[in-house]
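First comes the structure, then the notes that go with it.
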Amino acid sequence: MIITPLFLDFLQPAEAELSAAGEYVRYDKGDDAAEMFGERVEQALAEAATQIAKEIADNETGKPFDAPDEAASIKWAQPMYRLRVETATKRKRGSSAGLWYAYYSLRDNSDTGKPDTLRIHAFRHSAARPIGTDGGASE
Amino acid sequence: MNTLTIELPDEAYHAALSFTPQERGNLAAVMFTTAHSLVGGKESAFARTKGQAEHEPDDEDDVSIPDYDRETNEDDLAAIGRSLQAEAEGRIISGDVVFARLREQLKKR
């Protein structure tokens, strides 16, 4: 059976966060790293759109295998998921460098009863903390 | 006794045939129980096991160090809240458009 990947879209604030992340990587690591960052994020989200579509097709409940993120789902009263996006060529275990979180929801835009869209709500660095909790601004 | 059907590559399938049904059941039970205990309730055993399979440790990895992760925090929740407001206002952008813009933005200067 041929599985069509989920349609991928972004909410405007998430696009702004991704753009800012790209500029941060360029500032911190240079042009080559920034270009690679963009390629890896695009690849990771495209793979997720394909993998989750397959999980939804395989699962009798029409849901992906991964559980929603509890804190975000409870806060906003709807299933909200978190995807780990690794952008570093080589990331050491235990290090937050090159690890980002894409928060996403699954939407049924064509009203078929099953999700057809992977919607990105936020794109955050894994080391980001609320301002003031560690004496400085978020990374 | 619960039954679980899984698809195996040819090589794994032929290897599995060398075990008795009892041994196959025991191996599968150990594999899934171990995977589930590693998960800590945040991600599915499937996702974590898949991730581990795709990232085999090498000399630079110290597997005794747990991989980095953190809980969703208030800033994350606030960012999601802003996005839901944007969604209500119809500020939705196709992924193709987003990545075309990003590629253009991040082109070498």
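Since every read-out is calculated from the coordinates, none of them should be taken as a lab result. Just so you know, these numbers come straight off a predicted model, no measurement behind them. A quick note on method: Cβ atoms are made from the backbone with ideal geometry, for glycine too, and the neighbour counts reach across all protein chains shown.
For chain A, take the longest principal axis of its alpha carbons; what is the angle in degrees between that and the long axis of helix A:12-29, to the nearest 10 within 0 to 90? The two axes meet at around 40 degrees.
With a Cα cut-off of under 22 Å and a minimum spacing of 8 residues unless on different chains, the lysine pairs in chain A number 6.
Arranged from fewest to most other beta-carbon atoms within 10 Å of their beta carbon, B:L84, A:L106, A:L18 become B:L84, A:L106, A:L18. With the convex hull of the Cα atoms taken as the outline of segment A:1-106, the averaged projected area works out to 8.2 nm². Distance between the pseudo-spin-label points of B:Q85 and A:S96 (7 Å out from Cα toward the beta carbon): 2.5 nm. Put a dot 7 Å past the Cα of B:I65, heading toward its Cβ, do the same for A:T89, and the two dots end up 1.9 nm apart. For chain A, the longest principal axis of the C-alpha atoms and the axis of helix A:31-58 are separated by about 20°. Here the Gaussian network model covers chain A, with springs between Cα atoms less than 10 Å apart; of A:F123, A:F65, A:F37, A:F65 fluctuates the most.
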